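Undergrad: Below is one structure. I have some questions about it.
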Amino acid sequence: MLERLPRSRAVTVGDFHSSGSSRIGTTSLAFAMTALWKDILHNDQLIQNVAPIAVDAALLEGVLMRTKDDPNASDVVSYAPFTLLPSAVPSSLLEQAYSVQQDFNLLVDEVSRNTEFLECTLASTVKVDDFTAQLFKIYKQVLKEGVTQSVFLGINRSDYMFDYGSDGTPALKQVEINTIAASFGGLTSRTTAVHRRVLNVLGKPKEASKLLTNNPSKGIALGIAKAWELYGSDRAVVMFLVEEAQRNIFDQRCVENELWLRNIRVIRRRFKDVFEKASLDNDKRLHIDGEEVAVVYYREGYVPKNYNKQNWEARLMLERSRAVKCPDIATQLAGTKKVQQELSRPGMLEKLLHNKPDAVAQLRATFTGLYSLEMDEEGDKMVAMAIADPDRFVLKPQREGGGNNLYGVELKQVLEKMKDSSERTSYILMDKLKPLPALNYLLRAHSPLKISECVSELGIFGVYVRQGQDLVMNKHVGHLLRTKAIEHADGGVAAGVAVLDTPYVI
Ligand code: ADP
Ligand code: MG
C-alpha cells in the first residue's frame with residue numbers, strides 16, 4: 001500500500017491515506033503476515049550468506065551496544081540484537097497507532113495534572129509497594145512546596161501488540177505506555193538502513209524501497225530543544241541523567257548528537273553526581289559543575305535498583321528544581337500500570353478528556369481488558385477468575401524494564417498465595433494478548449543462527465511540550481518495532497529478550 005511513499009522523509013499519518021488501492025482482507029492478512037519471506041526463510045545457504053552481511057551493516061550504521069562485560073567503555077562494542085528480516089505490520093494498524101498518539105500525549109498530560117485522580121488511583125498501591133510509595137512521597141512534597149517548573153516535556157512510547165481475537169482479525173491493543181526513559185528511538189532510526197541492505201542483498205530491491213524512513217531521535221531532540229528554548233537561558237545545558245552501567249549509550253548519543261547540531265550543550269550525569277555536586281540556588285535553579293541545567297532527561301530512575309538513599313535525595317532535589325524534568329515525577333506516576341488499569345474503567349476517559357469524545361473513542365479502541373485487584377468484591381471475582389484460567393491473563397506489578405510480569409502456572413501460584421492479602425493491590429491483571437507468530441532469525445552476538453517463531457510489539461513515540469496551560473507541541477515522532485521468540489512471555493531489548501526490527505507494511 002505504501003509503495004509510493006518517498007524514502008527521504010519520515011512517515012506521517014497522512015501517508016497512510018495516500019494510496020487508493022484496497023486493503024488486504026482480514027483472513028488473507030493473517031496469511032500475509034505469517035507467509036512473508038517464505039521463499040527465503042528455509043534457504044539455509046542464503047541465510048548463512050546474508051547474516052554476516054546484516055551484522056556488518058548494523059555495525060556500519062551504528063546499531064550498537066556496549067558489552068555486558070564492559071558497559072562503561074567503548075573500546076570494544078557490539079551490535080544491538082536485531083531481526084535478520086523486517087516483520088509484517090498491517091498498514092491499517094500502523095495508521096491507527098500513529099493517529100491515536102497525540103491523544104495519548106494529551107491523556108498522559110491530563111493525568112499528570114490531576115492530583116485527585118493520581119491520589120485516588122494510587123492510594124492502595126502506595127500502601128503495599130515501596131517503590132511507588134517513594135515516588136509518591138516526592139510528588140506530594142513537591143506539590144506542598146509549590147511546583148517551580150513552568151515548562152513540561154513529555155517523551156513517551158505507547159506499545160502495542162496485534163491481538164488476534166476469536167474472530168481471527170488482528171487488532172491494535174496497547175501493552176503499556178512508557179512515560180520515563182522510553183528507549184531505542186536512536187537505534188531504531190538506524191535499523192531501517194540495515195534491513196534495506198538485507199533485502200537488497202536478497203534480490204528484493206522493490207521490497208527494500210518500501211521500508212519507511214523513521215527518525216524518532218530527531219523528534220525527541222526537537223522536543224528537548226523546545227523545552228530548553230522555553231526555559232529561556234541560552235547558557236544552560238541539557239543534562240541526561242544516566243545509569244551506572246551504560247550499555248545503551250549509543251541509543252542516547254543519537255538524541256544527544258541532534259542537540260549538539262542545534263548548538264545545545266549536553267552533559268551526562270548519574271544520580272551519584274547529582275547527590276555529590278548539584279545544588280539549587282534561591283530561585284530553585286539547578287546547578288552542577290558550574291553549569292545551569294535547563295532540562296533533565298531521565299534515562300534512569302524507573303526501577304527500584306536505580307535508587308539508594310542518596311539517589312532518592314538527588315531525585316528529590318531535581319524534582320524541587322525549576323529545571324524541566326522529562327518526565328516530572330507526576331508524569332512518571334501517570335505511566336504506572338495501576339493508572340493504565342484505572343483509565344480503562346468505564347467513564348474514566350470521559351471524565352479526564354470531557355470535551356473530546358473522538359479522542360475517548362480512539363483511545364478506548366486500543367485498550368484490552370484491564371482489571372483491578374483491590375480488596376473488594378470486584379477484586380475477589382477477578383482473583384478467582386485468574387486462578388481458574390491463568391492462561392487468559394498477565395499479572396503485572398508496578399515495575400518497568402521487562403521480566404517482572406507473571407504468566408500461567410506462576411501467576412496462579414502467586415495469586416493463590418496472596419489472594420487474601422492487600423499485597424495483591426500492588427498488581428494489576430490484564431488480558432493476555434495473542435499475536436500471531438511469524439518465522440524470523442534473531443541476530444545476537446555469540447548466539448547460534450537459528451530460525452524462531454516470533455511475535456512483535458510496535459511502539460509509537462510521542463512528544464509534547466506544555467508551557468503553563470498552553471500545549472505548544474504535541475506530536476508523534478516515529479516508531480519502534482521489537483520482536484521476540486515466542487518461548488519468552490516477557491521482556492524487552494534491554495532485558496535481553498526482544499530484538500530491534502523494522503516494520504514491513506502490508
Ligand atoms: P515493562 O514495563 O516491564 O516493559 P510491559 O507491560 O511492557 O512491562 O510487559 C513486558 C512484556 O511482557 C511486553 O513487552 C510483552 O512482551 C509482554 N506482555 C505485557 N503485557 C502483555 C499482555 N497483556 N499480553 C501478552 N504479553 C504481554
Ligand atoms: Mg514494556
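Undergrad: State whether one or more residues within the stretch 479-487 are closer than 21 Å to residue 370 by Cβ, within 14 Å of ligand 2 (Cβ to nearest atom), open to solvent by less than 60 Å² (accessible area, probe 1.4 Å) and of a type outside the set (A, V, I, L, M, F, W, C).
TA: No.
Undergrad: Another question about this same structure. Select, from 115, 121, 148, 179, the only residue that is of a type outside the set (D, E, K, R) and within 16 Å of ligand 1 (Cβ to nearest atom).
TA: 179
Undergrad: Of the residues 338, 325, which single one is within 24 Å of residue 282 (Cβ to Cβ), basic (Lys, Arg) and open to solvent by less than 10 Å² (accessible area, probe 1.4 Å)?
TA: Testing whether each residue is within 24 Å of residue 282 (Cβ to Cβ), basic (Lys, Arg) and open to solvent by less than 10 Å² (accessible area, probe 1.4 Å) leaves just 325.
Undergrad: Which is more than 16 Å from ligand 1 (Cβ to nearest atom) and over 23 Å from residue 366 (Cβ atoms), of 426, 422?
TA: Unique residue meeting the criteria: 422.
Undergrad: Just give me the residues in the stretch 390-448 being more than 16 Å from ligand 2 (Cβ to nearest atom), open to solvent by less than 20 Å² (accessible area, probe 1.4 Å) and among the basic types (Lys, Arg), in sequence order.
TA: 424
Undergrad: Is there any pair linking a residue in the stretch 141-166 that is touching a residue at least 12 places away in the same chain (Cβ under 8 Å) to one that is among the acidic types (Asp, Glu) and more than 16 Å from ligand 2 (Cβ to nearest atom), with Cβ under 7 Å and at least six apart or on different chains, and which?
TA: Cβ pairs passing all conditions: 142/319; 149/328; 152/328; 154/109.
Undergrad: Kindly evaluate residue 466 against the criterion of being open to solvent by 10 Å² or more (accessible area, probe 1.4 Å), within 16 Å of ligand 2 (Cβ to nearest atom), assigned to a strand (DSSP E or B) and closer than 30 Å to residue 227 by Cα.
TA: no
Undergrad: When the stretch 414-433 is examined, which residues are found to be assigned to a loop (DSSP other than H, G, I, E, B) and either out of contact with any Asp or Glu (no Cβ under 6 Å at 6 or more places or on another chain) or within 20 Å of residue 130 (Cβ to Cβ) (or both)?
TA: Across the stretch 414-433, the qualifying residues are 419, 420, 421, 432.
Undergrad: If you don't mind, another one. Here is a check on your reading of the model: is residue 456 surrounded by 22 or more Cβ atoms within 10 Å (Cβ to Cβ) and within 28 Å of residue 44 (Cα to Cα)?
TA: When the stated conditions are applied, residue 456 passes them.
Undergrad: What's the number of the condition residue 95 fails, among (1) under 20 Å from residue 480 (Cα atoms); (2) of a type in the set (Asp, Glu); (3) free of Cβ contacts under 8 Å to residues at least 12 places away in the same chain?
TA: Here residue 95 meets the rest and fails (3).
Undergrad: Might you let me know whether the stretch 484-498 holds any residue that is touching a strand residue (DSSP E or B) at 6+ places or on another chain (Cβ under 7 Å) and away from ligand 1 (no atom under 15 Å from the Cβ)?
TA: Among the residues of the stretch 484-498, not one is touching a strand residue (DSSP E or B) at 6+ places or on another chain (Cβ under 7 Å) and away from ligand 1 (no atom under 15 Å from the Cβ), which makes the answer no.
The values are calculated or read from the model by the stated rules, or taken from the named source; none is laboratory data. Quick caveat, the model's predicted, so the values are computed rather than measured. So basically every Cβ, Gly included, is an ideal-geometry build from the backbone, and we count neighbours across all protein chains shown. Remember, those area values only see protein heavy atoms, side chains included, never the ligands or the DNA or RNA. Shrake-Rupley method; radii C 1.70, N 1.55, O 1.52, S 1.80 Å.
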